[in-house]
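A single structure is presented below for examination.
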Amino acid sequence: MTPDWNSLSNAPAIVVAGKIGLAYVLALPTGWYSEKEGHAVGIRTFPIVAMAACGYLLVSRISGEGDVSRVLQGLIAGIGFVGGGAIIKDGMSVHGTSTAASIWNTGAIGAACALGSYEVAIILAFLNLLTMKALVPIKKRLDQEPFK
């Protein structure tokens, strides 16, 4: 009998571990890239945020005690607070907003894994990494041009 990956009340440990593991793996590329670029948060932070978001939702679902929408609300606010710590204002410039947004997105990846929305998690992970890598040259060019 194949286990139901979306029903967690009697889920085998391997199902739970698979969801947490997938959240971890999907967050690694963004963490690696962030670390490689010398950002303050990187290879350790992103996977931990994804695992924690996944874990909170799994505990809520397994115990049957938590309302998923309320747990999500708390995660969104809490991860937003963590991401806010990555934002640094220096005079007239602000740094770290894309890192903060990536931390927030990583929480969504973990939540999607916990809820069985694997396609959402994969798309979020791919687009986050693509945005962080592919748009850097465009951002640098825009930063050099004076505002008109």
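The values are calculated or read from the model by the stated rules, or taken from the named source; none is laboratory data. What you see is a predicted model; the values in this text were computed from it and never measured. Cβ coordinates were reconstructed from backbone atoms using ideal geometry, including for glycine residues, and neighbour counts include every protein chain displayed.
Only residues that are more than 18 Å from Asn105 (Cα to Cα) and of a type outside the set (A, V, I, L, M, F, W, C): list them for the stretch 56-69, please.
Matches in the stretch 56-69: Ser60, Arg61, Ser63, Gly64, Glu65, Gly66, Asp67.
Here's something else I'd like to know. Quick one: in the stretch 14-34, which of the residues that are of a type in the set (Val, Ile, Thr) and under 12 Å from the mean Cα position of the chain (by Cα) is nearest to Met132 (Cα to Cα)? Lay out the reasoning, then the answer.
Initial filter on the stretch 14-34 (of a type in the set (Val, Ile, Thr)): 14-16, 20, 25, 30.
Checking the rest, the ones that are also under 12 Å from the mean Cα position of the chain (by Cα) come to 25, 30.
Working: Val25: 17, Thr30: 8 Å.
Among those residues, the one meeting the criterion is Thr30.
While we're looking at this one, here's another question. What number goes with the only condition from (1) farther than 21 Å from Trp32 by Cβ; (2) modelled with pLDDT of 95 or more; (3) crowded, with 19+ Cβ neighbours inside 10 Å that Thr106 does not pass?
For Thr106, the exception is condition (1).
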